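Shown next, in structure tokens, is the structure this report addresses.
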Amino acid sequence: MKNIEEKYLDLALKEAYKAKEKDEVPVGCVLVKNGKIIAKAHNLKEHKQNALAHAEIIAINKACKKLQSWRLDELTMYVTLEPCPMCAGAILQSRIKKVVYGASDLKYGALGSDSNLFNKNSLNHYPEIIENIKEEECSFLLKDFFKTKRK
């Protein structure tokens, strides 16, 4: 039986596969509040020609609109790849309670792999972080995408 983290990471993976179908870097994100999906998104950077169109940013925007609040302090984010510094900043600004991610990002990961944006004594908000859930599947999807792109 799957635990709750795996259940929602599977939904984030579905979003990542949507990105891959659009020839986008396959990253997916789901925001959940009390067992209810508030927002889903996948990368659309190429499609929108917008550097800000990361799955996490799109999902945060959708959640803010749906909840009519910038405070997302009761939400958990499930994302297939460790958030970059921009997305980690948005997580802090929106006060997301918890982040669960699949694959670590050794190049740009801002939750501990490359840097740790949340490792500051001066912050007034520290989300709980759960890492490497469904890591193998999330990593494979990304590696396969870039392997195909390089051919």
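Miscellaneous remarks
- Selection from segment 97-128 of residues that are among the basic types (Lys, Arg) and part of a strand (DSSP E or B): Lys98
- Scanning segment 130-151 for residues that are closer than 21 Å to Asn116 by Cβ and of a type in the set (Asp, Glu) returns Glu131, Glu135.
- When each of Glu136, Glu131 is tested for being in contact (Cβ under 8 Å) with a residue 40 or more places away in the chain, under 19 Å from Leu9 (Cα atoms) and open to solvent by 80 Å² or more (accessible area, probe 1.4 Å), the lone residue that passes is Glu131.
- In segment 1-19, the residues that are farther than 14 Å from Val79 by Cβ and charged (D, E, K, R) form Cβ pairs under 8 Å with partners that are open to solvent by 30 Å² or more (accessible area, probe 1.4 Å) and part of a helix (DSSP H, G or I), at six or more places apart or across chains, as follows: Lys2/Asp10.
Here's the yes/no breakdown for (1) open to solvent by less than 10 Å² (accessible area, probe 1.4 Å); (2) part of a strand (DSSP E or B); (3) farther than 23 Å from Lys134 by Cα; (4) touching a helix residue (DSSP H, G or I) at 6+ places or on another chain (Cβ under 9 Å):
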{"residue": "Lys7", "(1), (2), (3), (4)": "no, no, no, no"}
{"residue": "Leu11", "(1), (2), (3), (4)": "no, no, no, no"}
{"residue": "Ala16", "(1), (2), (3), (4)": "yes, no, no, yes"}
{"residue": "Val25", "(1), (2), (3), (4)": "no, no, no, yes"}
{"residue": "Ile38", "(1), (2), (3), (4)": "no, yes, no, yes"}
{"residue": "Ala41", "(1), (2), (3), (4)": "yes, yes, no, yes"}
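- Residues located in segment 112-128, provided they are surrounded by 13 or more Cβ atoms within 10 Å (Cβ to Cβ) and over 17 Å from the mean Cα position of the chain (by Cα): His125
The values are calculated or read from the model by the stated rules, or taken from the named source; none is laboratory data. Since this is a predicted model, take the numbers as computed values, not measurements. Cβ sites come from the backbone with ideal geometry, for glycine too, and all protein chains shown count toward neighbours. Surface areas here come from the heavy atoms of the whole protein model, side chains and all, with no ligands, DNA or RNA. Shrake-Rupley method; radii C 1.70, N 1.55, O 1.52, S 1.80 Å.
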